[in-house]
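Below: one structure, written as structure tokens.
The values are calculated or read from the model by the stated rules, or taken from the named source; none is laboratory data. What you see is a predicted model, and the numbers here were worked out from it, not measured in a lab. Cβ: placed from backbone, ideal geometry, glycine included. Neighbour counts: every protein chain shown.
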Amino acid sequence: MTVLRAGPMLRMLVLVAGLACTQGALAQGAPTAAAAAPGTPAASDAPAPTPAPSSGVARPNAEDPALERRLQAVTKELRCMVCQNESIADSHAPLAVDMRNEIREQLKSGMSDRDVIEFMVARYGNFVRFRPPLDWTTYALWFGPALLMVIGFGVLLSQLRQRRNLVAARAMPELTAADRAALDALAAGSPNDKTGNR
């Protein structure tokens, strides 16, 4: 019964993760249908709202471009825990924005890039890295695809050999010299024909 529930639950989790990833893109100023509807006050009539500190985008710190380059380098190495196929630098999910802001503060406080990555690994595990280290816990991750390919190739070769042997077994066996002589005698209608047909 639990297996039947796993399909809808998995679809719901994927849908929620996708919505979380696109939420940041929508929060960046995409016009909504209500703002574009006729009869609503124009945007120039109302004062522009000030963005919240976590509005979906980590604002670059223009005062220190070297810090921003370091921030980009570190966040390109780390995976968004919501989207999972994007780096923190590319993701618009609120969690990724918070992680970028936290990394910026850690870099400002004097932590090295390696220290920041180790902090994130301690908090989220090796999965947060796009390139996890090679150790006994990640052997399956690094060598699993190659191992599966070798196993698949071995299964394919085994199946091809079995098929070839099956075809060879079904093929007509080779005739011996005695069988050929009997066949020639039957074809020529010799007196050794026991059926009486000539």
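What to note about this one:
- Close Cβ contacts (under 9 Å, 6 or more residues apart or on different chains) running from residues in the stretch 119-131 that are exposed (fewer than 14 other Cβ atoms within 10 Å of the Cβ) to residues that are aliphatic (A, V, I, L, M) and not in a helix (DSSP H, G or I) comprise 127/81; 130/78.
- Residues satisfying the stated conditions in the stretch 132-181, i.e. assigned to a loop (DSSP other than H, G, I, E, B) and either of a type in the set (Ser, Thr, Tyr) or surrounded by 10 or more Cβ atoms within 10 Å (Cβ to Cβ) (or both): 132, 133, 134, 137, 138, 175, 176
- Residue match in the stretch 129-142 (condition: out of contact with any Pro (no Cβ under 7 Å at 6 or more places or on another chain), modelled with pLDDT of 85 or more, assigned by TED's automatic domain parsing to the domain that holds residue 78 and at positive phi): no
- Here the condition is being touching a Leu at 6+ places or on another chain (Cβ under 7 Å), surrounded by 12 or more Cβ atoms within 10 Å (Cβ to Cβ) and not small (Gly, Ala, Ser); of 97, 116, it holds for 116 alone.
- From 91, 87, residue being surrounded by 12 or more Cβ atoms within 10 Å (Cβ to Cβ), closer than 30 Å to residue 66 by Cβ, assigned by TED's automatic domain parsing to the domain that holds residue 67 and touching a residue at least 60 places away in the same chain (Cβ under 8 Å): 91
- Scanning the stretch 99-122 finds one or more residues that are of a type in the set (Ser, Thr, Tyr) and assigned by TED's automatic domain parsing to the domain that holds residue 72.
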